[in-house]
Amino acid sequence: MGGYVFKDSKDDHLFTFPAITIPAGGYWVVSADSVLFTKRHPEVDNFSGTFDFGLGNDDGLRLYDNQGILITSVM
């Protein structure tokens, strides 16, 4: 996932994933506030954060690979 990017509905609102590997059937959490996330979920260690934009009710999410190709989106 290293270099993959997720964006909301605005192209300048983006989060770039660090160099991580997610095993088959696994998951990775992206947190807007990693300090707060750690306080609430101290048992979870497979996460990244912090990103500096909010996710509003009208926002979609888009996931791009490390070459900028759209992989999936949720609107």
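The values are calculated or read from the model by the stated rules, or taken from the named source; none is laboratory data. Quantities reported herein were computed from a predicted structural model and do not represent experimental measurements. Counting neighbours? That spans all protein chains shown, and the Cβs are built from the backbone with ideal geometry, glycine included.
Tabulated values for the structure
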item	result
Residues satisfying the stated conditions in the range 5-55, i.e. under 19 Å from M75 (Cβ atoms) and among the hydroxyl-bearing types (S, T, Y)	S9
Count of the range 2-36 residues which are acidic (D, E) and under 12 Å from the mean Cα position of the chain (by Cα)	2
Long-range neighbours under 8 Å by Cβ, at least six apart or interchain, first residue touching a residue at least 40 places away in the same chain (Cβ under 8 Å) within the range 46-75, second outside any loop (DSSP other than H, G, I, E, B) and aromatic (F, W, Y)	L61/F6; R62/F6; L63/F6; Y64/F6; I71/Y64
Strands (runs of 3 or more DSSP E) (entirely within the chain) containing at least 2 residues that are at pLDDT 95 or above and surrounded by 13 or more Cβ atoms within 10 Å (Cβ to Cβ)	61-64
